[in-house]
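The next block holds one structure in the form of structure tokens; read it before the comments.
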Amino acid sequence: MRKRLKALGEKIQSHLQQSLVFRPFVDSAPVLERPIARNAGLGWIGKHTLLLTREAGSWFFLGELFINLPLPLDPPELKSHCGKCTSCLDICPTQAFPKPYVLDARRCISYLTIEHKGSIPESLRKPMGNRVFGCDDCQLFCPWNRFAQSSTEDDFKPRHQLDDIDLLTLFTWDEATFLKNTEGSAIRRTGYEGWQRNLAVALGNSTGGEQIIAALEQRLSDQDCSTLLAEHIRWALDQLTNGTGCDDSNATPQ
Ligand code: B12
Ligand code: SF4
Ligand code: SF4
């Protein structure tokens, strides 16, 4: 998206006599993307705190091109079209919304599995279920996303069968395989240790079985198993061996 915004900047430049200064952003700098988008009339900010449009729901990213050219202004979208709906607030597995339009990022699975580097608070591990990278539940249950269309862009297509693979296979990837299979993907952001930490939690929430327990124990005995990872593996083993595993969780990641 950033490359395309750059191409747009170059195209605008090609129509101008004066020199244009421009810079594209896509989730890449401290730019307040949602309020800017709302103020530019692109849509409203929903109770789940994401930008929504009537046509595309919230299944899109935001990007912007800053330019030194005065342009006509579009009116802001001031009205919320959420109405009395509270689906996103009710469905959130970790109850991350203290009130509508406010997210406590510390409780959000997206933060915990992607951005957070340390230990995942124990009280939030069970509600994480089998989510190992990000979470979309508040969007999945939003009625406006019924109108969203799937992207035809190759970049959005699943790679390495990541949409149909079991947690155990992912957990047994070594670091080289992790790096190879996540090349060019946002998943790399979590790092190998974070990836294994998330998978350990998800395996602890699975229905378990000998193979899963053996894989967790094997990893725990490895020389390179960090203190952080070991703590999550021990938690997972405790869930599985003390019969406290989650009933509604299967062994396929989301
Ligand atoms: C930090 C961040 C997160 C954090 C916190 C998210 C949050 N809702 O606060 C975490 C890691 C949890 C996260 C998760 C996700 N994110 Co995110 N995230 C961001 C990021 C990088 C910065 C947002 C931010 O915190 N800005 C700083 C704060 C200060 O801004 P703000 O919250 O908008 O606050 C403004 C107003 O709301 C208001 N305000 C807020 N609080 C208060 C309080 C008072 C008293 C007042 C007066 C005003 C006020 O004033 C502020 C200034 O204008 C943006 C990209 C960007 N650069 O904007 C993406 C972004 C919001 N994320 C995005 C996405 C897709 C996601 C996920 C779906 C990813 C996933 N699949 O896991 C989840 C969804 C979770 C959710 N329900 O929000 C997209 C959203 C696209 C859309 N349609 O809206 C963005 C825009 C990235 C992009 N370019 O596409 N994200
Ligand atoms: S992304 Fe998941 S955990 Fe985060 S607020 Fe939405 S439903 Fe809750
Ligand atoms: S689920 Fe309902 S309340 Fe939440 S953003 Fe969508 S329409 Fe708004």
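Worth pointing out:
- Difference of contour (0.36 nm per residue) and Cα-Cα distance, Asn145 to Gln18: 41.5 nm
- The angle between the Cα long axis of helix 227-241 and the longest principal axis of the Cα atoms of the chain comes to about 60 degrees, rounded to the nearest 10.
- Helix 191-204 and the long axis of the chain differ in direction by around 60°, with both axes built from C-alpha atoms.
- The alpha carbon convex hull volume per residue for segment 77-125 rounds to 92 Å³.
- In the context of the full set of protein chains, residues of the chain present 60 Å² of accessible surface per residue (probe radius 1.4 Å, heavy atoms only).
- The charge dipole of the chain, taken about the Cα centre with unit charges on the Cβ atoms of Lys, Arg (+1) and Asp, Glu (-1), comes to about 1100 debye, rounded to the nearest 20.
- Helix 210-221 axis, angle to the chain major axis (alpha carbon atoms, nearest 10°): 80
- If you count Lys pairs in the chain whose Cα atoms are under 17 Å apart, skipping same-chain pairs closer than 8 places in sequence, the total is 6.
- Within segment 106-254, the proportion of C-alpha pairs whose separation exceeds 23 Å stands at 35%.
- For the pair Ser123 and Glu231 in one chain, pulling the backbone fully straight at 0.36 nm per residue adds 37.5 nm over the alpha carbon distance.
- Where trypsin sites (Lys or Arg not before Pro) in DSSP loops with at most 16 other Cβ within 10 Å are excluded, longest remaining stretch of the chain: 160-254
- Candidates Leu89, Leu73, Leu179, ranked by Gaussian network fluctuation over the chain, Cα under 10 Å, top entry: Leu73
- For q = 0.16 Å⁻¹, Debye-computed log10 I/I(0) when each Cα of segment 2-67 counts as one equal scatterer: -0.61
- As a calculated quantity, the FRET efficiency between Thr172 and Val102 at R0 = 51 Å, using C-beta atoms, amounts to about 0.80.
- Cβ-derived FRET efficiency at R0 30 Å, Lys3 paired with Glu193, nearest 0.05: 0.50
- Spacing of the two label points (7 Å from each Cα toward its C-beta) at Gln161 and Asp136, in nm: 2.1
- Surface calculation, 1.4 Å probe, protein heavy atoms: Phe156 sits at approximately 120 Å² accessible.
- Mean ellipticity per residue at 222 nm, deg cm²/dmol - from DSSP H runs of n ≥ 4 across the chain, formula -39500 (n - 2.57): -9500 deg cm²/dmol
- Its convex hull of Cα atoms gives the chain a direction-averaged projected area, equal to a quarter of the hull surface, of 16.1 nm².
- Calculated over segment 152-207, the projected area of the Cα convex hull averaged across directions stands at 4.2 nm².
- Zero-based 10 Å bins, Cα pair distances in segment 112-175, whole percents: 14, 36, 38, 11
- R0 of 22 Å, Cβ-Cβ distance Leu71-Asp27: FRET efficiency to nearest 0.05: 0.45
- Net length gained if the chain between Arg54 and Thr207 were fully extended (0.36 nm per residue, minus Cα distance): 51.1 nm
- Estimated dipole of segment 136-225 in Debye, rounded to 20 [Cβ of Lys and Arg +1, of Asp and Glu -1, Cα centre]: 240
The values are calculated or read from the model by the stated rules, or taken from the named source; none is laboratory data. Predicted, not measured: the structure shown is a model, and the values here were computed from it. No Cβ is skipped: glycine too gets one built from the backbone with ideal geometry, and neighbour counts run over all protein chains shown. For accessibility, only protein heavy atoms count, side chains too; no ligands or nucleic acids. Shrake-Rupley method; radii C 1.70, N 1.55, O 1.52, S 1.80 Å.
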